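S.K.: Below is the structure I would like to discuss, written out as structure tokens.
The values are calculated or read from the model by the stated rules, or taken from the named source; none is laboratory data. Please read these numbers as outputs of a predicted model, since none were measured by experiment. Cβ atoms come from the backbone with ideal geometry, glycine included; neighbour counts cover every protein chain shown. To get the accessible areas, we keep the full protein, side chains included, count just its heavy atoms, and leave off ligands, DNA and RNA. Shrake-Rupley method; radii C 1.70, N 1.55, O 1.52, S 1.80 Å.
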Amino acid sequence: MPRPAFAAAAFLGLALALSPTPTRSAELAPAPRSSPAAIDALLLAEVKERSEVMKNLQYMSDVIGPRLTGSKNLERANNWTAEKMKAYGLENVRLEPWEIPVGWERGKATMRLVDPDNGRDLAIASFGWTPGTGGKKTGKVVVLTARTKADLDAHRGKLKNATVLLSAPKEVKPISDLNYPAPAGPSAGQPKKDEPKLPNTKSSADQKAEPAPASADLRQPGLEAVTEFLKAEGAACVCVDAAKPHGLLVTTGSWPTDRAAAEARLPRVFMAHEHYALLHRLASRPDSTTKVEVEISNTFIPGPVTVYNTIGEVTGSDKPDEFVVVGAHLDSWELASGTTDNATGSCVVLEIARTVAALAKAGERPRRTIRFVLFTGEEQGLHGSKKYCERHKDELVRHSAALVHDTGTGKVHGFGLHGRTAVREVLEPQLEALTKVDGWKGLDMRGMGGTDHLSFHTAGVPGFACLQDIDEYRLTHHTQSDTFDKAKGPNLVQGAQVLSVAVVRIANLPELLPRK
């Protein structure tokens with residue numbers, strides 16, 4: 001696509017040559033403006049021709065690695081992304097701190113069949129922020145369907161060192177089945193659950209992940225009493241079906257109020273679906289006993305633990321104190337490298353930052369400040385974006401929108417507007433250039449839970465998640481398969497193109513986006 005002559009040379013090799021300037025830039029005079037269509041063309045070409053998204057993604061995935069909230073790896077990622085923003089020429093780059101009450105490190109989690117002694121090891125992974133077993137525990141496997149006090153009393157004195165299954169195995173269809181279902185439909189206004197989701201169970205809670213196993217959430221009505229009963233009886237752990245094919249494990253979980261509360265929890269593990277089904281079959285045999293040996297060793301880190309959101313800006317020329325946020329979450333789970341959840345989104349945000357900064361250097365600074373935010377603590381309940389909204393609460397009235405990329409490596413085909421009809425009327429004509437971008441379908445009035453845009457949406461700021469092709473996200477999400485080889489460069493380039501055009505268009509609107 002040809003570029004206007006005034007900017008063609010300026011775009012060559014700009015990104016790495018830019019030097020950071022710590023300024024709110026009231027002194028930055030408005031530059032002469034190209035037409036909106038010409039700016040769109042510049043953005044699309046810059047991303048296509050000089051993208052660094054895959055280079056950055058490989059570094060984040062392979063060199064930094066998994067980025068659990070509160071971990072040293074996540075702090076390394078904060079520092080690296082801040083330096084990258086500075087190298088790209090962003091202004092006001094900083095790490096904004098917040099705290100979690102207690103940190104956590106995963107140790108080993110092993111389980112093997114003792115009776116019947118058939119030599120099987122069983123694949124398990126701990127829920128986050130749950131304790132270990134305090135050594136090896138050998139006991140029977142119990143399928144526990146009791147939920148009332150009277151039914152639980154029948155098991156009193158019989159559960160010492162037991163491994164407990166609270167439900168039957170889930171139905172998991174083969175991945176070769178052409179009808180293998182897509183994630184459940186989106187919902188408006190509900191926060192992300194802290195459990196992974198099943199591929200074949202409808203749920204309105206979270207489009208970003210897959211629907212949750214009923215037994216995964218021990219906070220459900222009736223199950224809190226079960227948990228307390230199992231702890232009092234000295235059960236070794238509770239197992240939950242990971243509900244994914246081919247031995248995939250998942251993990252999830254969040255911190256309680258303090259370390260004492262964390263250490264008092266009952267150990268909980270996800271088990272590979274095939275092994276869970278095996279254990280359930282064996283434990284359901286009449287007149288037979290099934291036993292396992294389990295050992296789990298996790299470590300709690302005394303808190304409070306300081307964590308950070310990484311933030312950088314391209315300061316607006318006309319309205320520097322009005323903002324458009326584009327973001328993703330930097331933290332991940334740590335069964336793998338956290339590539340598709342959500343190093344992909346984080347590196348797309350870095351690519352947009354590089355591109356918009358290059359545009360500004362070439363004389364096309366956006367009218368409003370575009371703020372690039374890499375949130376942390378998303379996986380435990382959108383905490384980093386909530387902390388952002390608390391810290392910047394007095395500025396939120398001057399936030400035009402917040403756009404978030406957080407569903408893996410699939411192309412961006414739209415934005416979910418949460419029913420904001422007035423926003424659609426303003427924004428839809430602005431995105432004409434995207435009709436030529438492969439995969440773009442348009443704006444959608446539906447909402448979506450489970451990503452950091454929701455913190456803005458609930459605070460009154462138009463917050464939109466990218467609607468993306470699901471790709472292999474149902475298999476990589478929170479699993480040991482979330483690795484760099486699953487990333488698809490052309491799709492991430494496409495997402496950076498879509499978001500670059502969208503955020504600059506919103507930044508250059510005459511007024512803030514309407515709140516309705």
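S.K.: Do we find that E83 is acidic (D, E), out of contact with any His (no Cβ under 9 Å at 6 or more places or on another chain), under 30 Å from S385 (Cα atoms) and crowded, with 20+ Cβ neighbours inside 10 Å in this structure?
M.R.: Judged against the criteria, E83 is not a match.
S.K.: Just to be sure I understand, how many residues within segment 142-160 are part of a loop (DSSP other than H, G, I, E, B), basic (K, R) and out of contact with any Gly (no Cβ under 6 Å at 6 or more places or on another chain)?
M.R.: Result for segment 142-160: 2.
S.K.: Using the structure shown, decide if S203 is within 33 Å of the chain's Cα centre (by Cα), under 30 Å from C466 (Cβ atoms), surrounded by fewer than 15 Cβ atoms within 10 Å (Cβ to Cβ) and at pLDDT below 85.
M.R.: So S203 fails the test.
S.K.: Go through (1) among the polar types (S, T, N, Q); (2) surrounded by 24 or more Cβ atoms within 10 Å (Cβ to Cβ); (3) more than 30 Å from R367 (Cβ to Cβ) for T290 and report which single condition fails.
M.R.: Of the numbered conditions (1) among the polar types (S, T, N, Q); (2) surrounded by 24 or more Cβ atoms within 10 Å (Cβ to Cβ); (3) more than 30 Å from R367 (Cβ to Cβ), the odd one out for T290 is (2).
S.K.: Taking the stated definitions as given, is V326 within 30 Å of R367 (Cα to Cα) and modelled with pLDDT of 95 or more?
M.R.: yes
S.K.: Here's a check for you: in segment 249-263, which residue that is farther than 19 Å from G381 by Cα and in contact (Cβ under 8 Å) with a residue 40 or more places away in the chain is least open to solvent (accessible area, probe 1.4 Å)?
M.R.: Filtering segment 249-263 down to residues farther than 19 Å from G381 by Cα leaves 249, 260, 263.
Still in the list and also in contact (Cβ under 8 Å) with a residue 40 or more places away in the chain: 249, 263.
Working: L249: 21, E263: 92 Å².
Only one residue fits best here, namely L249.
S.K.: Here are V114, V141: which of them is touching a helix residue (DSSP H, G or I) at 6+ places or on another chain (Cβ under 8 Å) and in contact (Cβ under 8 Å) with a residue 60 or more places away in the chain? Spell out the reasoning first.
M.R.: Numbers: V114 fails: touching a helix residue (DSSP H, G or I) at 6+ places or on another chain (Cβ under 8 Å).
None of the others qualify; the one that does is V141.
S.K.: Return yes or no: is G139 in a loop (DSSP other than H, G, I, E, B) and in contact with a strand residue (DSSP E or B) (Cβ under 9 Å, 6 or more places away or on another chain)?
M.R.: no
S.K.: Next question, about the same structure. Counting only residues that are touching a residue at least 12 places away in the same chain (Cβ under 8 Å) and of a type in the set (S, T, N, Q), which one in segment 117-138 is surrounded by the fewest Cβ atoms within 10 Å (Cβ to Cβ)?
M.R.: Ranking the qualifying residues of segment 117-138, first place goes to T138.
S.K.: Taking segment 293-310 only, how many residues are more than 19 Å from V142 (Cβ to Cβ) and open to solvent by less than 30 Å² (accessible area, probe 1.4 Å)?
M.R.: Residues of segment 293-310 that are more than 19 Å from V142 (Cβ to Cβ), as a first pass: 297-310.
Narrowing further to those that are open to solvent by less than 30 Å² (accessible area, probe 1.4 Å): 298, 300, 305, 307, 309-310.
Qualifying residue count, segment 293-310: 6.
S.K.: Name the residues in segment 324-351 that are within 15 Å of G489 (Cα to Cα) and either touching a strand residue (DSSP E or B) at 6+ places or on another chain (Cβ under 6 Å) or surrounded by fewer than 24 Cβ atoms within 10 Å (Cβ to Cβ) (or both), would you?
M.R.: N342, G345, S346, V349, listed by residue number.
S.K.: Turning to a different aspect of this structure: For segment 415-454, which positions are of a type in the set (D, E, K, R) and more than 30 Å from T376 (Cβ to Cβ)?
M.R.: Passing the criteria: R424, E425, E428, E432, K436, D438, K441.
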